Each structure stands twice: as C-alpha cells, then as structure tokens.
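S.K.: One structure follows; several queries about it will come next.
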C-alpha cells in the first residue's frame, strides 16, 4: 500500500472497509514511518463530540538492541530496585547515551535485573559524552556488558529513544556489536 492509498483510506473513512486489510495498512504505515493507524469496530456508531471505546489507536513501535550502561534508583513501589535502565549504542568507538527505559518490568524481573546490575557496578560512566545532568545525578554506572531489547516510538533529534519500554535481555548479542539502527 502506498502513501497516497493510505491517505485515500483515511479521508474516505476506509478503515470501516479495510477489515481484511488492517494488517497491510499497519505494515504500510510502519514502512512509511507513520505514527500508526486508527481502527473502529464495524458495528459501532460514531458519537459526535465523545470518545468511544469502539475506536482504537494502534501505534507503530520500533525495536532496537541497546547496551545497559547504568540505572537510576527506584522510588515509591520500586524502592530497593532500579527505576530505569540507562542505555546506549556504539558509534565511532564510543558508547553514546540513548536514554532511560523505566517501563516494561514486572516485580520478579525488577528483582532479577537489580541483582545482575549490582554485580556490574563501576565508578566510571561508560557513556561518551556523559548523559545530561538530569540523568547523571541519580545514576549508578555498570560495566556495559548487558544488552536490552527496547521497543520505542521514535528517535529524538538528540538521539534519545522516546517512550521506551523494556522487552527483554539479549544473551545472544555481544554489547560491542550494538549500533544504532536506522
């Protein structure tokens, strides 16, 4: 499906007609780096000026492996475990900071990862250049050996993953091989 076809579907309300083409529409929107698609139940009515659970926003999420270089302290119900992983990617022989990943964990995973992270603690920040001060003041650095798979909305202009969520650790990938994917 081409960009013009998607635009025609949107302007004609063809989401109603694209029942069997929903996956193709979503795939085409991903290929064109669009935010996602809107879907509506066929048997529902349009309610003027009101939100309805019959409408769903299906967001496109990108995935990227990133190196764990530190973590922030957890607070509230995360006291005693980490709050967010601080992650990056290799480029030109340096580990570039790519942001924090604070969601996607259940309690068991938080406990397990906190144990792993504590065994890797170091005094030296592995990121070059160092992360912004807002991250640094609460950071604990770790040896950059763990690789996390992260789902996110987009890269910011500063090279930070936006709306990042933890998917899992990648034991099959060497941290030195992690680079930013287009």
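The values are calculated or read from the model by the stated rules, or taken from the named source; none is laboratory data. Because the structure is predicted, anything quoted here is derived from the model rather than measured. Note: ideal-geometry Cβ built from the backbone for every residue, glycine included; neighbour counts use all protein chains shown.
S.K.: Does residue 144 fit the bill of being surrounded by 15 or more Cβ atoms within 10 Å (Cβ to Cβ) and either assigned to a strand (DSSP E or B) or in contact (Cβ under 8 Å) with a residue 24 or more places away in the chain (or both)?
M.R.: Criteria met by residue 144.
S.K.: Mind listing just one residue for me: the one in the stretch 55-81 that is assigned to a strand (DSSP E or B) and without any contact (Cβ under 8 Å) to a residue 40 or more places away in the chain and, of those, farthest from residue 34 (Cα to Cα)?
M.R.: Restricting to residues being assigned to a strand (DSSP E or B) and without any contact (Cβ under 8 Å) to a residue 40 or more places away in the chain, the top hit is 55.
S.K.: Using the structure shown, decide if residue 74 is over 15 Å from residue 131 (Cβ atoms), surrounded by 14 or more Cβ atoms within 10 Å (Cβ to Cβ) and at pLDDT below 95. Lay out the reasoning, then the answer.
M.R.: Numbers: over 15 Å from residue 131 (Cβ atoms): yes; surrounded by 14 or more Cβ atoms within 10 Å (Cβ to Cβ): yes; at pLDDT below 95: yes.
Yes; evaluated as a whole, the condition is true for this residue.
S.K.: Among the candidates 111, 106, 128, 138, which residue alone is surrounded by fewer than 20 Cβ atoms within 10 Å (Cβ to Cβ) and in contact (Cβ under 8 Å) with a residue 40 or more places away in the chain? Spell out the reasoning first.
M.R.: Values: 111 fails: in contact (Cβ under 8 Å) with a residue 40 or more places away in the chain; 106 fails: in contact (Cβ under 8 Å) with a residue 40 or more places away in the chain; 128 fails: in contact (Cβ under 8 Å) with a residue 40 or more places away in the chain.
Answer to the selection: 138.
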